[in-house]
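Take a look at the structure set out below.
Rule-based calculations on the coordinates, nothing more; no lab input. This is a predicted model, so every value here is computed, not measured. Because the Cβ atoms are built from the backbone with ideal geometry, glycine has one as well, and the counts that use them run over all protein chains shown.
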Amino acid sequence: MRKFFKWFFIVTSIVIVTTMVNSAMRESKKLTEPHIGVVDLEGVIYDVDFVASALDHFANEPMVKGVLVRVNSPGGVVAPSHELYSMLRTYDKPLWAYHDGLAASGALMATLGADRIGTQSTTITGSIGVMIKAMNARELYEKIGIEEVTIKSGRFKDLLSSADDEESEERAILEELIGDSHEVFVQAILDSRPIDPQVLEGIADGRVFSGMRAVKYGLADEVSSGHEYRAKFARSQNVPESNILVYERSRGELLRQLLSQVRIALDGSAALMYIMD
């Protein structure tokens with residue numbers, strides 16, 4: 001089975017590379033008028049590749065005067081969520097974000113780096129918190145006669161193994177890890193948003209809330225429709241409202257995103273997540 005998956009990923013990697021090369025060979029349309037660049041942050045955040053590629057593309061296009069990040073995501077893995085936040089915060093061109101429908105946990109964190117955040121009134125956002133999940137199948141293994149053997153270099157090398165009971169020391173290690181990641185999330189909010197620390201303390205417990213309430217808390221700047229918000233951004237940069245350039249996913253990028261999700265599912269290991277469950 002392992003050999004099958006090994007060859008599966010080798011073959012699909014070749015397909016990805018070939019598709020990306022073919023995509024790169026396509027000529028891009030030369031812009032002669034100022035535009036607003038748009039990149040969509042959708043689905044679970046597993047990596048930063050697509051958004052990073054879009055930001056690089058727009059940064060090197062002189063006719064793109066600003067970038068709008070449209071978000072529809074429940075969050076994702078801790079490290080890439082935080083990396084997106086850092087990338088957006090240090091971007092050289094004007095960058096606005098829009099929470100469209102769902103912008104929870106890691107997706108909220110990522111857009112904290114934007115110059116301005118708009119939202120629908122009914123957008124589901126918040127979920128400020130961290131979690132790690134794993135399955136304990138020890139009793140099932142015993143019932144069907146399966147024994148998992150692990151050779152490890154240290155006592156805690158197989159934390160959250162599906163065949164082991166959780167120990168108090170293991171739980172303490174994981175709680176420390178979760179606490180550190182939660183602290184990073186909270187600090188990112190305090191560094192980037194005009195929010196009362198006491199208000200933040202009261203809502204940073206994993207709860208979700210509406211976009212309308214996010215504006216009241218200071219986690220977003222305004223309630224607006226997506227069209228109106230995009231038009232406002234265009235006007236602020238002296239760009240005609242119709243001049244929008246959306247960065248599209250190539251077939252290779254779509255396949256790579258799918259493989260990232262499949263790989264995590266097949267691996268069976270727990271991931272530290274900023275995500276709405």
Please state the relative contact order of segment 51-132 as a whole percent: Cα pairs under 8 Å, 6+ residues apart? 31
I need the phi-derived Karplus couplings for segment 169-179: 6.51 cos²θ - 1.76 cosθ + 1.60, θ = phi - 60°, integer Hz, Gly and Pro marked x. 5, 5, 4, 5, 4, 5, 5, 5, 4, 5, x
I want to check the label-to-label distance for Glu222 and Asn72. Put each point 7 Å from Cα in the C-beta direction and report it in nm to one decimal. 2.3
Proxy reagent accessibility, fewest Cβ within 10 Å first, across Arg230, Arg249, Arg207: Arg207, Arg249, Arg230
Residues Phe58, Phe209 arranged by fewest to most Cβ contacts within 10 Å: Phe209, Phe58
Check Arg116: other-chain or 5+ apart residues with amide H under 5 Å from its amide H, H built from backbone geometry? Ala97
Tell me, what HN-Hα J-couplings in whole Hz come from the Karplus equation 6.51 cos²θ - 1.76 cosθ + 1.60 at θ = phi - 60° for each residue of segment 232-243, using x for Gly and Pro? 4, 4, 4, 4, 5, 10, 6, 10, x, 4, 7, 8
Length gained when the stretch Gln187-Asp56 is fully extended (0.36 nm per residue, less Cα-Cα span): 44.5 nm
Counting only residues 5 or more places away or on other chains, whose amide H sits under 5 Å from the amide H of His35 once H atoms are built in the peptide plane? Val64, Lys65
Can you tell me the length gained on complete extension of the stretch Leu31 to Lys93, counting 0.36 nm per residue apart and subtracting the Cα distance? 20.6 nm
Please list, in chain and number order, the residues 5+ apart from Ile275 or on another chain whose amide H is under 5 Å from its amide H, with Hs placed from the backbone. Gly76, Gly106, Met131
Quick calc, Val208 & Asp49: beta-carbon distance into FRET formula, R0 35 Å, rounding 0.05, result 0.80
Would you work out the charge dipole size for segment 34-76 about its Cα centre, treating the Cβ of every Lys and Arg as +1 and the Cβ of every Asp and Glu as -1, and quote it to the nearest 20 debye? 220
Between their Cα atoms, which of Lys93/Lys232; Lys93/Lys216; Lys65/Lys216 are more than 20 Å away from each other? Lys93/Lys216; Lys65/Lys216
